[in-house]
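Handing you this structure, nothing more for now.
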Amino acid sequence: MQVDIVTPERRLLSMAATEIQIPGAEGDLTAMDGHAPAMIGLRPGILRAAQGGDVKAFVVTGGFAEVSATSVTVLAEQAIPVEEATPAVMDKLLADATEAAAINPSKDAADKAFADLVAVKAALAGH
């Protein structure tokens with residue numbers, strides 16, 4: 001299936017993949033060729049696209065994924081290749097999430113996004 005990952009700044013990935021693991025707001029999802037059409041809200045997490053042994057992984061902060069039987073298009077608020085997600089970059093994302101939580105009328109959603117980013121940072125530290 002065709003996988004494209006796009007942010008407001010640029011296209012980060014365009015590749016053929018056998019599967020894509022999506023950190024969905026309602027739960028994680030793995031999409032493969034022939035998947036039923038779906039529109040998925042993203043939560044902060046690690047998105048992975050795999051083709052054989054080649055895996056491309058990105059930290060995403062939110063956005064949407066449009067899944068069809070033959071493709072997945074991810075429109076991410078922010079997406080950072082995992083290898084570029086240094087502790088300093090993750091600290092910046094956490095600071096941004098803290099700032100957003102301070103001004104966000106939906107405090108529960110902002111707190112959840114912050115907690116998700118803390119979990120991503122911890123997962124990256126283990127690699």
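Please treat every number below as a calculation from the coordinates, not as lab data. The structure displayed is predicted, hence computed values, not measured ones. Cβ sites come from the backbone with ideal geometry, for glycine too, and all protein chains shown count toward neighbours.
So, restricting to strands (runs of 3 or more DSSP E) that lie completely within segment 13-93, which ones have at least 3 residues that are surrounded by 13 or more Cβ atoms within 10 Å (Cβ to Cβ) and touching a residue at least 60 places away in the same chain (Cβ under 8 Å)?
71-76
Residues in segment 105-124: is at least one touching a helix residue (DSSP H, G or I) at 6+ places or on another chain (Cβ under 9 Å), outside any strand (DSSP E or B) and among the hydroxyl-bearing types (Ser, Thr, Tyr)?
No; the residues of segment 105-124 include none that is touching a helix residue (DSSP H, G or I) at 6+ places or on another chain (Cβ under 9 Å), outside any strand (DSSP E or B) and among the hydroxyl-bearing types (Ser, Thr, Tyr).
Among the numbered criteria (1) part of a helix (DSSP H, G or I); (2) of a type outside the set (Phe, Trp, Tyr); (3) closer than 20 Å to Gln21 by Cα, which single criterion is violated by Ala100?
In the conditions (1) part of a helix (DSSP H, G or I); (2) of a type outside the set (Phe, Trp, Tyr); (3) closer than 20 Å to Gln21 by Cα, Ala100 misses (3) alone.
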